[in-house]
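Below you'll find the structure, written out as C-alpha cells, and then a few comments.
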Amino acid sequence: MKIGISGASGKLGAATVAALKLHAPDAQLVGISRSPDKVSALGIEARFGDFDQPDSLTTAFAGLERLLIIPSGDMRPGVRATQGHDAIQRAVDAGVGHVVFTSALGTRAAEIPHLWQSYFVPEQTLMRLAKKWTILRMAYYAEAFIDEVRMSLPGGVHAATSNTPVNFVARDDVAAAAAGILVGEGHHGAIYQATGPSALDGVARAALVAQVTGKRFAFAAISDAQYRDGLAAAGLPPFLVDAVLGIQDMWSVGGFDVTTGDVERLAGRPPQSLEDALRSAQL
C-alpha cells in the first residue's frame, strides 16, 4: 500500500510518519513537502509539493492509494480554504483512492476571516469530489496551550473571552489516530473527533496549571475588544489578530467542548491527558 502524507516535514506530518512506520512497517510511505530534503531525513520517499503551486501536487500525488492532507499554517484570510480545495481536487485528478483531511472540532459554515471557513470549504470539497474520504477533526492542541501557558506564567493569568470548556489533544495522539485511519478499513464517509479524555473550562485549566507548576495562576474572562487590543499591542498583524479571535470564538461557542473515544478506537490506546502533557512540558 502506498500512502502519502502532505506536510510531512511539519510537526503533525512527521509524527504521523513515525506512527505509520511503527504500526505499518510494510507500507510504502511518501512524504510531500515544500522541503523534500527534510522529508528524506525521515527515511521515506520524498516528493516536492506546494499548496501554492497546485500543478506540483498532481505529480506529488501520483500513484498514491491513500493520502493524508494536513492544512498549512498560513493564516492569511481565505488562503487555507483555497489551498485545501485545490489539494483535494488534485488528489482526485491524480486518482488517489482514499483522501483523509485533518480539520477542526466544531467546523461549520463561516465567512472569511473566521478560521472555520478554512476547514469548512475543504471538507465540503472532499465530500463532494473524493471517491473515498475521511475527516479527522482535532481538538485544540495541548502543545499550543502549553506555549500560551509559558507566556502567561510570569503574569500569573491566562485570559480568554469565555469560560466555556475546551478539549485539548496531544499532537502525537492526532498522528496515531490519523495513522489508524490510513492503514485501516471501514473509514470511508466517517467524521472522527480526535480529542483528549476531557474538556476543561478556564477556571479548571488555570487550577490545573497552578497544581502542576506550583505557581500562582488564575483565569480571567475578558471582552473581545480587550483581547483584540492586547494582541494589537503585542504587535500582531491584523490578519493574525483576526485568526486568534476566531479561535476564541470557536472556544466560546462550544466548538471545542467535545470529548470522544475516537483516538483510542483508531490508535488502540487512550489519549494523553492535559495534566500529563503539562507535566511532560516541565513548566
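Summary of values
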| item | result |
| --- | --- |
| Given the chain, longest segment not containing exposed loop GluC sites (Glu not before Pro) (DSSP; at most 14 other Cβ within 10 Å) | 1-110 |
| Protection proxy ranking of 221-233, 169-181, 85-97 - average other beta-carbon atoms within 10 Å, highest first | 169-181, 85-97, 221-233 |
| DSSP beta bridge pairing in the range 47-172, given as percent antiparallel to the nearest 5 | 10 percent |
| The chain: calculated mean residue ellipticity at 222 nm from DSSP helix runs of at least 4, using -39500 (n - 2.57) | -14000 deg cm²/dmol |
| Ordering of 67-75, 207-215 by burial proxy (mean other Cβ atoms within 10 Å per residue, highest first) | 67-75, 207-215 |
| Residue order, fewest to most beta carbons within 10 Å, for Arg150, Arg34 | Arg150, Arg34 |
| Net dipole in debye of the range 1-47 [+1 Lys, Arg Cβ; -1 Asp, Glu Cβ; about Cα centre; nearest 20] | 140 debye |
| Built amide H within the under 5 Å cut-off of Val166, gap 5+ | Leu200, Asp201 |
| Angle in degrees between helix 115-129 and the longest Cα principal axis of the chain, rounded to the nearest 10 | 20 degrees |
| For Ala218, distant residues with modelled amide H under 5 Å away | Val157, His158 |
| For Tyr141, Tyr119, order by how many other beta-carbon atoms lie within 10 Å, fewest first | Tyr141, Tyr119 |
| Within the chain, percent of DSSP bridges classed antiparallel, to nearest 5 | 10 percent |
| If the convex hull is drawn through the Cα atoms of the chain, its volume per residue in Å³ | 123 Å³ |
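Taken together, the values in this text are just the output of simple stated rules run on the coordinates, not laboratory data. Worth saying up front: this structure is predicted, and the values here are computed from it rather than measured. In this analysis, Cβ positions are derived from the backbone assuming ideal geometry, glycine residues included, and neighbour counts consider all displayed protein chains.
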